[in-house]
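Inspection log for the structure reproduced underneath, given as structure tokens.
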């Protein structure tokens, strides 16, 4: 059984290059995602995305203009988003003719947060320490309603 | 539903092993920990821990029958979990809609400038 993977796609009446700019340029990202975006689109670059009072670090993974772009985030004020403790967002752009692009997004890694939570749970069972910051992060993910 | 309850629900269903246990309970209706342990690739002890988390999240309930404890799924709560996951997907639908509008508008403006 696979983990929690969210896959969505849209067919856009614009060339891949235009879609690419929309999903990668900070002043464009603020129009569909975060309120505040501090990001350099280079593999391994560390940036920041803010959502109102909340926000957190973002790490760019793959940059393959204009077909693949991915980054890790966890929507918290917590530590660096690394594999195993963050959510990975992967965009794939597939040109369909000159003026149409299929944009696919895959969001994964929710279960890796939960695996970390299993560790937390063991700790909590022993120490009656309740639910920790990992769950706060999940709550932030779940509870967030982005303005359009 | 409180935020704390949301937390527990989400983390309970996010774990693949726990979803396997949930699946078995949905399929079987009611089952003991031993019965479940025979059908999963992890230990009886792990099954017990998963059952504790699932019960705490309100996804399952238990009743005693003789010396056995039987577990069953709380359907309403499972529905909530499903809806929570659907909401994550819906967020991306809204974001993709916004991306689509922005890109199409930008493209149309460029074409107009060129007088195409």
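Against the list (1) more than 11 Å from every other protein chain (Cβ to nearest Cβ); (2) surrounded by fewer than 17 Cβ atoms within 10 Å (Cβ to Cβ); (3) farther than 30 Å from residue A:12 by Cβ, the condition residue B:46 fails is (1).
Among the residues making up the stretch A:10-19, those that are at the interface with chain B (Cβ under 7 Å from one of its Cβ atoms) and either farther than 8 Å from residue A:101 by Cα or outside any loop (DSSP other than H, G, I, E, B) (or both) are A:10, A:12, A:18, A:19. From the list B:96, B:102, B:88, the lone residue that is modelled with pLDDT under 90, within 7 Å of chain A (Cβ to nearest Cβ), closer than 30 Å to residue A:21 by Cα and crowded, with 16+ Cβ neighbours inside 10 Å is B:88. Among the residues of the stretch A:48-69, those that are at pLDDT 85 or above, surrounded by fewer than 19 Cβ atoms within 10 Å (Cβ to Cβ) and assigned to a strand (DSSP E or B) comprise A:48, A:50, A:61, A:62, A:63, A:64, A:68. Only one entry in B:59, B:51 is within 14 Å of chain A (Cβ to nearest Cβ), surrounded by 17 or more Cβ atoms within 10 Å (Cβ to Cβ) and modelled with pLDDT of 95 or more, namely B:51.
The values are calculated or read from the model by the stated rules, or taken from the named source; none is laboratory data. Nothing here was measured: the structure is a model prediction, and the numbers come from that model. Ideal geometry is used to build each Cβ from the backbone, glycine not excepted, and the neighbour counts take in all protein chains shown.
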